[in-house]
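The values are calculated or read from the model by the stated rules, or taken from the named source; none is laboratory data. A quick note: this is a predicted structure, and the numbers were derived from the prediction, not measured. Cβ atoms come from the backbone with ideal geometry, glycine included; neighbour counts cover every protein chain shown.
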């Protein structure tokens, strides 16, 4: 971002005159200025003199500065634009904001520059004062990036919510049709294809929810090193022989509160991305260590508050990223792979999971120098022993419970299509179903007929009265009735699941007949 502000000098420059002490007199003033001051010959645009602060900032000695073209203080890629600005610069005051300047050693910083033309010892000069605003520019960039990621996350979460309703309707309707067609293999095959595609779409919505930090987490206190060890075992069949996987888990690493399965997904996503960045082979390494930040500190390009953290570092020796790619690497659907390459969700999903767990994630990379991802997770405040992370076993398909005695269920769902399919699914499970399009309608129905409810299935997020409010009101009308909350917009669920007690459960949309049957069976058996 560059702003130029020009104005007319309120005090006209003095007529040229003989003043052998002119520059020395100016030096007495500007040597006492804390900011770098540079005096530039207006005709040749070479440096005449500088103060000590300029020497400290740029790394040139006072003698090296004299006669140096002022364009040498700008990076090569910015010199053409700087030359254009200087050639068009009017007399008087001029300000340039957040431009990139270069030190003698090649390092770059952002600067605001105020300059004014005058005459010193008969020579027309421009005196420029320079302020290093690198931190301000970085903070502005981080704020803009955070706002952009937040906006994209909200959009992704909203899309996932609506899409989950659609997918639940598709999956439920398809499974009902599969039961009706009987032994027609051709039709069954076509319906199976539809269900398979819907399941793939459901996986995409889960990734969007993970990015937008709206995924329901099963958080527990675990040792991060054990998560890394399990992820390493998972990577063995995934990584090609050309990629060497190394781990370095520090002894005594503090426990953290995470969803172990989600953290494994983070590691796998980063490992697969690293493999793609090493077409000729290389090393992918994972390391953990304890890290104490005494004060707010910058980790990569992320500002992390003070505290105790466990740091997970994941490095590759791949092709690396240029600055533009690195700035966008966590954006969903951003990918450098040509079609039909990746979806661009792997790194964004990892970012979303880490942020939802209260952690921080940054990346350091340069073209040709690989990439280093750092994840900082808050230390878990507990003295309890940390249980080992054991591999999950595949459970058998749940049986569909029969509702002996025609049990009655109240279904509260604001989506019309999903309510119709949900009614048919629950009827298929053997229930007598009462359905309502919202909380008010549900309460009116129960108050009017006083049915003997055996179960309530309610959407968690609805306009007007939400699912929690519905359950609370129904507890007075039908005490002790179990409630199954369902939602495709699980930021609300994630914030309230901790409040669920006995007789309460949550089911993530989109759900299948088997999954809702299992959830219903567990609730009824609990009662």
Kindly provide the set of residues from segment 472-488 that are surrounded by 20 or more Cβ atoms within 10 Å (Cβ to Cβ) and under 11 Å from residue 443 (Cβ atoms), ordered by number. 474
When you look at residue 362, is it within 17 Å of the chain's Cα centre (by Cα), part of a strand (DSSP E or B) and either modelled with pLDDT of 85 or more or surrounded by 17 or more Cβ atoms within 10 Å (Cβ to Cβ) (or both), yes or no? yes
Please determine, by comparing only the residues of segment 155-195 that are surrounded by fewer than 17 Cβ atoms within 10 Å (Cβ to Cβ) and at pLDDT below 70, which one is nearest to the chain's Cα centre (by Cα). 155
Across segment 73-125, what is the number of residues that are assigned to a helix (DSSP H, G or I) and within 20 Å of residue 30 (Cβ to Cβ)? 1
Residues of segment 30-52 satisfying the condition of being under 45 Å from the mean Cα position of the chain (by Cα) and either part of a loop (DSSP other than H, G, I, E, B) or surrounded by fewer than 20 Cβ atoms within 10 Å (Cβ to Cβ) (or both): 33, 34, 35, 36, 51, 52
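Do we have residue 249 as modelled with pLDDT of 85 or more and more than 18 Å from the chain's Cα centre (by Cα) here? First the steps, then the outcome.
On the way: modelled with pLDDT of 85 or more: yes; more than 18 Å from the chain's Cα centre (by Cα): yes.
Yes: the conditions hold for residue 249.
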Considering only strands (runs of 3 or more DSSP E) fully contained in segment 432-527, which possess at least 1 residues that are modelled with pLDDT of 90 or more? 432-436, 455-459, 483-487
Search result, residues across segment 53-72 that are in a helix (DSSP H, G or I) and surrounded by 14 or more Cβ atoms within 10 Å (Cβ to Cβ): 53, 54, 55, 57, 58, 64, 65, 70, 71, 72
Return a yes/no flag: does segment 91-101 have any residue that is under 33 Å from the mean Cα position of the chain (by Cα) and free of Cβ contacts under 8 Å to residues at least 60 places away in the same chain. yes
Scanning segment 414-431 for residues that are touching a helix residue (DSSP H, G or I) at 6+ places or on another chain (Cβ under 9 Å) and assigned to a helix (DSSP H, G or I) gives 417, 418, 420, 421, 422, 424, 425, 426, 428
What about residue 83, is it over 38 Å from the mean Cα position of the chain (by Cα), surrounded by fewer than 18 Cβ atoms within 10 Å (Cβ to Cβ) and in contact (Cβ under 8 Å) with a residue 60 or more places away in the chain? no
Check 210, 202, 198 and return the single one that is modelled with pLDDT of 75 or more, under 21 Å from residue 487 (Cα atoms), within 27 Å of the chain's Cα centre (by Cα) and in a helix (DSSP H, G or I). 198
Could you grab me the full set of residues in segment 276-318 that are modelled with pLDDT of 90 or more and farther than 30 Å from residue 381 by Cα? 278, 282, 283, 284, 316, 317, 318
Residues of segment 88-99 being surrounded by fewer than 17 Cβ atoms within 10 Å (Cβ to Cβ) and at pLDDT 85 or above, which ones? 93, 95, 98
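Any residue at all in segment 216-223 that's within 23 Å of the chain's Cα centre (by Cα), over 30 Å from residue 461 (Cα atoms) and at pLDDT below 90? Give the steps one after another, and end with the answer.
Looking only at segment 216-223, we keep the residues that are within 23 Å of the chain's Cα centre (by Cα), and these are 216-222.
Still in the running and over 30 Å from residue 461 (Cα atoms): 222.
Still in the running and at pLDDT below 90: 222.
So far as segment 216-223 goes, yes, one or more of its residues are within 23 Å of the chain's Cα centre (by Cα), over 30 Å from residue 461 (Cα atoms) and at pLDDT below 90.
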